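The values are calculated or read from the model by the stated rules, or taken from the named source; none is laboratory data. Please read all numbers here as calculations on a predicted model, not as lab measurements. All Cβ positions, glycine included, derive from the backbone under ideal geometry; neighbour counts span all protein chains shown.
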Amino acid sequence: MFYTVLHQLVDPRNIGMIIRSHVAFGGKGFIFSGYDPPYKFSKKNKAYSRSLEKHCIAQQFAKSDDLFEWLKNEDIKSVAIEITKEAVLLPEFVFPEKCAIIFGKESGGLPDELIEKCDYVVKIPQFGNIGSMNVAISASIVMYELNRNNKDIKDVDNKMYSYS
Ligand SMILES: C[S@@+](CC[C@H](N)C(=O)[O-])C[C@H]1O[C@@H](n2cnc3c(N)ncnc32)[C@H](O)[C@@H]1O
(Lines give C-alpha, C1' and ligand atoms only; values in the text may rest on other atoms or scores of the structure.)
Protein backbone atom coordinates (compact mmCIF):
# COMPACT_ATOMS: atom_id res chain seq x y z
CA MET A 1 0.00 0.00 0.00
CA PHE A 2 1.48 3.32 -0.94
CA TYR A 3 0.81 7.00 -0.37
CA THR A 4 2.12 9.75 -2.62
CA VAL A 5 3.47 12.94 -1.10
CA LEU A 6 4.19 16.04 -3.18
CA HIS A 7 6.37 18.57 -1.41
CA GLN A 8 5.81 22.06 -2.78
CA LEU A 9 5.48 21.06 -6.44
CA VAL A 10 4.35 24.01 -8.53
CA ASP A 11 3.53 22.98 -12.10
CA PRO A 12 -0.16 21.95 -12.37
CA ARG A 13 0.73 19.66 -15.28
CA ASN A 14 3.16 17.67 -13.11
CA ILE A 15 0.69 17.49 -10.22
CA GLY A 16 -2.10 16.36 -12.57
CA MET A 17 0.06 13.70 -14.22
CA ILE A 18 1.25 12.34 -10.88
CA ILE A 19 -2.35 12.02 -9.67
CA ARG A 20 -3.20 10.11 -12.83
CA SER A 21 -0.32 7.69 -12.26
CA HIS A 22 -1.12 7.44 -8.54
CA VAL A 23 -4.64 6.25 -9.37
CA ALA A 24 -3.44 4.01 -12.22
CA PHE A 25 -0.96 2.26 -9.91
CA GLY A 26 -3.45 1.82 -7.08
CA GLY A 27 -2.13 4.45 -4.65
CA LYS A 28 -4.07 5.11 -1.45
CA GLY A 29 -3.67 8.59 0.02
CA PHE A 30 -2.48 11.60 -1.93
CA ILE A 31 -0.73 14.16 0.26
CA PHE A 32 0.27 17.78 -0.30
CA SER A 33 3.13 18.90 1.93
CA GLY A 34 4.44 22.40 2.52
CA TYR A 35 1.51 24.32 1.00
CA ASP A 36 0.22 27.25 3.00
CA PRO A 37 -2.54 28.14 2.11
CA PRO A 38 -3.68 24.63 1.07
CA TYR A 39 -3.20 23.58 -2.56
CA LYS A 40 -6.23 24.22 -4.78
CA PHE A 41 -6.94 22.25 -7.94
CA SER A 42 -7.13 24.36 -11.08
CA LYS A 43 -8.63 23.65 -14.50
CA LYS A 44 -5.13 22.87 -15.72
CA ASN A 45 -4.58 20.28 -12.97
CA LYS A 46 -7.82 18.59 -13.92
CA ALA A 47 -6.92 18.52 -17.60
CA TYR A 48 -3.76 16.55 -16.75
CA SER A 49 -5.24 14.45 -13.94
CA ARG A 50 -8.39 13.63 -15.94
CA SER A 51 -10.16 14.78 -12.73
CA LEU A 52 -8.99 11.60 -11.02
CA GLU A 53 -8.31 13.53 -7.80
CA LYS A 54 -11.90 12.70 -6.87
CA HIS A 55 -10.77 9.08 -6.50
CA CYS A 56 -7.96 10.00 -4.07
CA ILE A 57 -8.07 10.54 -0.36
CA ALA A 58 -6.28 13.89 -0.34
CA GLN A 59 -4.63 15.43 2.70
CA GLN A 60 -2.66 18.61 3.28
CA PHE A 61 0.14 19.37 5.73
CA ALA A 62 1.52 22.91 5.82
CA LYS A 63 4.43 21.85 8.05
CA SER A 64 6.59 18.80 7.38
CA ASP A 65 6.78 18.04 11.14
CA ASP A 66 3.02 17.47 11.10
CA LEU A 67 3.36 15.21 8.07
CA PHE A 68 6.00 13.06 9.77
CA GLU A 69 3.98 12.86 12.97
CA TRP A 70 0.97 11.66 10.99
CA LEU A 71 3.07 9.09 9.09
CA LYS A 72 4.47 7.80 12.38
CA ASN A 73 1.02 7.49 13.95
CA GLU A 74 -0.23 5.59 10.90
CA ASP A 75 2.86 3.35 10.88
CA ILE A 76 3.76 4.45 7.33
CA LYS A 77 7.45 4.44 6.37
CA SER A 78 8.71 7.53 4.57
CA VAL A 79 10.69 7.07 1.36
CA ALA A 80 12.26 10.23 -0.10
CA ILE A 81 12.68 9.96 -3.85
CA GLU A 82 15.71 12.09 -4.47
CA ILE A 83 19.19 12.11 -5.96
CA THR A 84 21.64 12.07 -3.07
CA LYS A 85 25.01 10.40 -2.67
CA GLU A 86 23.73 7.93 -0.06
CA ALA A 87 20.40 7.11 -1.75
CA VAL A 88 19.68 3.43 -2.52
CA LEU A 89 19.26 2.64 -6.22
CA LEU A 90 15.62 1.96 -7.10
CA PRO A 91 16.11 -1.57 -8.55
CA GLU A 92 17.83 -2.63 -5.29
CA PHE A 93 15.26 -1.16 -2.94
CA VAL A 94 12.60 -3.30 -1.27
CA PHE A 95 9.63 -1.07 -0.51
CA PRO A 96 8.09 -1.40 2.96
CA GLU A 97 4.55 -2.77 2.89
CA LYS A 98 3.07 0.57 3.96
CA CYS A 99 5.04 3.49 2.62
CA ALA A 100 4.84 7.11 1.52
CA ILE A 101 6.89 8.05 -1.53
CA ILE A 102 7.89 11.70 -1.31
CA PHE A 103 8.76 13.87 -4.33
CA GLY A 104 10.36 17.31 -4.42
CA LYS A 105 9.61 20.45 -6.35
CA GLU A 106 10.61 21.04 -9.93
CA SER A 107 13.26 23.56 -9.06
CA GLY A 108 15.34 22.64 -6.02
CA GLY A 109 13.96 19.16 -5.24
CA LEU A 110 13.48 18.01 -1.63
CA PRO A 111 15.10 20.12 1.11
CA ASP A 112 17.88 18.43 3.12
CA GLU A 113 15.97 18.92 6.42
CA LEU A 114 13.06 16.90 5.02
CA ILE A 115 15.29 14.15 3.56
CA GLU A 116 16.95 13.75 6.98
CA LYS A 117 13.57 12.94 8.56
CA CYS A 118 12.83 10.16 6.05
CA ASP A 119 13.31 6.46 6.80
CA TYR A 120 14.81 5.82 3.36
CA VAL A 121 16.14 7.72 0.35
CA VAL A 122 15.87 6.16 -3.09
CA LYS A 123 17.16 7.33 -6.46
CA ILE A 124 16.40 6.28 -10.00
CA PRO A 125 19.59 5.35 -11.83
CA GLN A 126 20.38 7.70 -14.70
CA PHE A 127 22.92 6.94 -17.36
CA GLY A 128 22.92 9.97 -19.65
CA ASN A 129 24.47 13.36 -19.20
CA ILE A 130 21.59 14.96 -17.30
CA GLY A 131 21.11 16.39 -13.80
CA SER A 132 17.68 14.94 -13.05
CA MET A 133 14.47 13.78 -14.66
CA ASN A 134 11.04 15.36 -14.75
CA VAL A 135 9.28 14.75 -11.42
CA ALA A 136 6.10 13.28 -12.97
CA ILE A 137 8.15 10.82 -15.02
CA SER A 138 10.13 9.92 -11.87
CA ALA A 139 6.89 9.31 -9.96
CA SER A 140 5.55 6.95 -12.65
CA ILE A 141 8.80 4.96 -12.72
CA VAL A 142 8.84 4.61 -8.92
CA MET A 143 5.16 3.59 -8.78
CA TYR A 144 5.68 0.99 -11.49
CA GLU A 145 8.68 -0.46 -9.67
CA LEU A 146 6.83 -0.40 -6.36
CA ASN A 147 4.08 -2.54 -7.86
CA ARG A 148 6.29 -4.82 -9.94
CA ASN A 149 6.25 -7.68 -7.46
CA ASN A 150 2.75 -7.10 -6.23
CA LYS A 151 0.89 -10.36 -6.77
CA ASP A 152 -2.47 -8.65 -6.15
CA ILE A 153 -2.22 -6.63 -9.34
CA LYS A 154 -5.31 -6.87 -11.47
CA ASP A 155 -5.60 -6.03 -15.13
CA VAL A 156 -6.78 -2.57 -16.12
CA ASP A 157 -10.48 -2.20 -15.46
CA ASN A 158 -11.46 0.20 -18.20
CA LYS A 159 -15.09 0.18 -17.14
CA MET A 160 -14.07 1.95 -13.97
CA TYR A 161 -12.57 5.11 -15.45
CA SER A 162 -12.77 6.52 -18.90
CA TYR A 163 -9.30 7.27 -20.15
CA SER A 164 -7.67 8.32 -23.35
C1 LIG B 1 13.47 18.12 -11.33
S2 LIG B 1 13.86 17.31 -9.84
C3 LIG B 1 14.72 18.57 -8.92
C4 LIG B 1 15.97 18.93 -9.62
C5 LIG B 1 17.15 19.47 -8.86
N6 LIG B 1 17.41 18.83 -7.60
C7 LIG B 1 17.22 20.97 -8.80
O8 LIG B 1 18.10 21.44 -8.11
O9 LIG B 1 16.43 21.69 -9.41
C10 LIG B 1 12.33 17.25 -9.01
C11 LIG B 1 12.08 15.95 -8.28
O12 LIG B 1 12.08 14.87 -9.22
C13 LIG B 1 12.52 13.67 -8.58
N14 LIG B 1 13.65 13.10 -9.35
C15 LIG B 1 14.09 13.51 -10.57
N16 LIG B 1 15.06 12.70 -11.01
C17 LIG B 1 15.24 11.75 -10.06
C18 LIG B 1 16.11 10.61 -9.93
N19 LIG B 1 16.98 10.25 -10.86
N20 LIG B 1 16.02 9.86 -8.81
C21 LIG B 1 15.13 10.17 -7.83
N22 LIG B 1 14.31 11.23 -7.90
C23 LIG B 1 14.35 12.01 -8.99
C24 LIG B 1 12.86 14.06 -7.14
O25 LIG B 1 11.75 13.79 -6.30
C26 LIG B 1 13.11 15.56 -7.24
O27 LIG B 1 12.91 16.19 -6.01
> For the stretch 35-44, does any single residue satisfy the condition of being within 13 Å of the ligand (Cβ to nearest atom) and in contact with a strand residue (DSSP E or B) (Cβ under 7 Å, 6 or more places away or on another chain)?
Replying inline: no
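Quick grid of which residues meet (1) farther than 17 Å from Ser138 by Cβ; (2) touching a residue at least 60 places away in the same chain (Cβ under 8 Å); (3) outside any loop (DSSP other than H, G, I, E, B):
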| site | (1), (2), (3) |
| --- | --- |
| Asn14 | no, yes, yes |
| Pro38 | yes, no, no |
| Phe41 | yes, no, no |
| Ala47 | yes, no, yes |
| Lys54 | yes, no, yes |
| Asp66 | yes, no, yes |
| Ile83 | no, no, no |
| Ile101 | no, yes, yes |
>> What's the total number of residues in the stretch 85-99 that are within 16 Å of the ligand (Cβ to nearest atom), loosely packed, with under 15 Cβ neighbours inside 10 Å and not in a helix (DSSP H, G or I)?
In response: 4
> Given the conditions (1) closer than 15 Å to Leu6 by Cβ; (2) surrounded by fewer than 18 Cβ atoms within 10 Å (Cβ to Cβ); (3) within 7 Å of the ligand (Cβ to nearest atom), which single one is not true for Gln126?
Replying inline: (1)
> Mind checking whether some residue in the stretch 105-123 is touching a residue at least 60 places away in the same chain (Cβ under 8 Å), within 12 Å of the ligand (Cβ to nearest atom), closer than 19 Å to Asp65 by Cβ and in a strand (DSSP E or B)?
Replying inline: yes
> Within the group Ile115, Ile81, which residue is at pLDDT 95 or above, surrounded by 15 or more Cβ atoms within 10 Å (Cβ to Cβ) and out of contact with any helix residue (DSSP H, G or I) (no Cβ under 9 Å at 6 or more places or on another chain)?
Replying inline: Ile115
